[in-house]
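**Q** This is the structure, below, for whatever I ask next.
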Amino acid sequence: MPTISASTIVGATGHHLFRINYPQSKEVPSGECLLSDAFKVGECSWRIWLSPNGIGPSSVGYISVFLGLDETVVKPLKASAMFCLLDKARNRVPNYTQCTTFWEYSATGIGGFFEYFAQRERLEKSDHIGRGSDVCAR
């Protein structure tokens, strides 16, 4: 007689608020990133990587944002993220909210990302940014 088994995927959720000084962030060269403090979701340590002037030549003029695993794990894991810009009242700005698909993480480094998260010129013309602008990952 065959044996019967069942399994369940147990997911963890969390969020992290990454506050940046937007005027100062404009001085960061393309390809360089600002890193959030490490934060725990589930049993893992994560960071938000934000490249204020794009991660490479094709994304200059854009803000690039990434979710990065901050440790090496024994077994690969999958995670997705939602990145959002928060307004001055800390509400999500709809045009600046994006979700990743599930990415597999097995070692320290970036995974789910948006190379073209926000166009700097358009964002600067809006009233959504200020000295202490917030990016949230969920």
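The values are calculated or read from the model by the stated rules, or taken from the named source; none is laboratory data. Predicted, not measured: the structure shown is a model, and the values here were computed from it. Reconstructed Cβ throughout: ideal geometry from the backbone, glycine too, with neighbour counts over all protein chains shown.
**Q** Mind counting the residues in the stretch 61-85 that are surrounded by fewer than 19 Cβ atoms within 10 Å (Cβ to Cβ) and over 12 Å from residue 98 (Cβ atoms)?
**A** Total meeting the criteria: 10.
**Q** Let me ask you something else. May I ask you to verify whether residue 88 is touching a Gly at 6+ places or on another chain (Cβ under 7 Å) and not polar (S, T, N, Q)?
**A** Considered against the rule, which asks whether it is touching a Gly at 6+ places or on another chain (Cβ under 7 Å) and not polar (S, T, N, Q), residue 88 comes out as yes.
**Q** Are any residues in the stretch 92-127 of a type in the set (Asp, Glu) and more than 14 Å from the chain's Cα centre (by Cα), and if so, which ones?
**A** Within the stretch 92-127, 104, 121, 124, 127 meet the criteria.
**Q** Next up: What pairs come up if the first residue lies in the stretch 8-25 and is surrounded by 11 or more Cβ atoms within 10 Å (Cβ to Cβ), the second is at pLDDT 85 or above and not in a helix (DSSP H, G or I), and their beta carbons are under 6 Å apart, counting only those six or more places apart or on different chains?
**A** Filtered contacts from the stretch 8-25: 12/41; 12/42; 14/41; 16/39; 18/36; 18/48; 25/52.
**Q** Buried (at least 19 other Cβ atoms within 10 Å of the Cβ), among the hydroxyl-bearing types (Ser, Thr, Tyr) and under 26 Å from residue 12 (Cβ atoms): does that describe residue 105?
**A** Against the criterion (buried (at least 19 other Cβ atoms within 10 Å of the Cβ), among the hydroxyl-bearing types (Ser, Thr, Tyr) and under 26 Å from residue 12 (Cβ atoms)), residue 105 qualifies.
**Q** Could I ask something else about it? Only one of 27, 115 is in contact with a helix residue (DSSP H, G or I) (Cβ under 7 Å, 6 or more places away or on another chain) and within 27 Å of residue 127 (Cβ to Cβ); which?
**A** Going through 27, 115 in turn, just one is in contact with a helix residue (DSSP H, G or I) (Cβ under 7 Å, 6 or more places away or on another chain) and within 27 Å of residue 127 (Cβ to Cβ): 115.
**Q** Just give me the residues in the stretch 92-122 being among the hydrophobic types (A, V, I, L, M, F, W, C) and either in contact (Cβ under 8 Å) with a residue 60 or more places away in the chain or under 16 Å from residue 63 (Cβ atoms) (or both), in sequence order.
**A** Once the filter is applied, which keeps residues that are among the hydrophobic types (A, V, I, L, M, F, W, C) and either in contact (Cβ under 8 Å) with a residue 60 or more places away in the chain or under 16 Å from residue 63 (Cβ atoms) (or both), the stretch 92-122 yields 93, 110, 113, 114, 117, 118.
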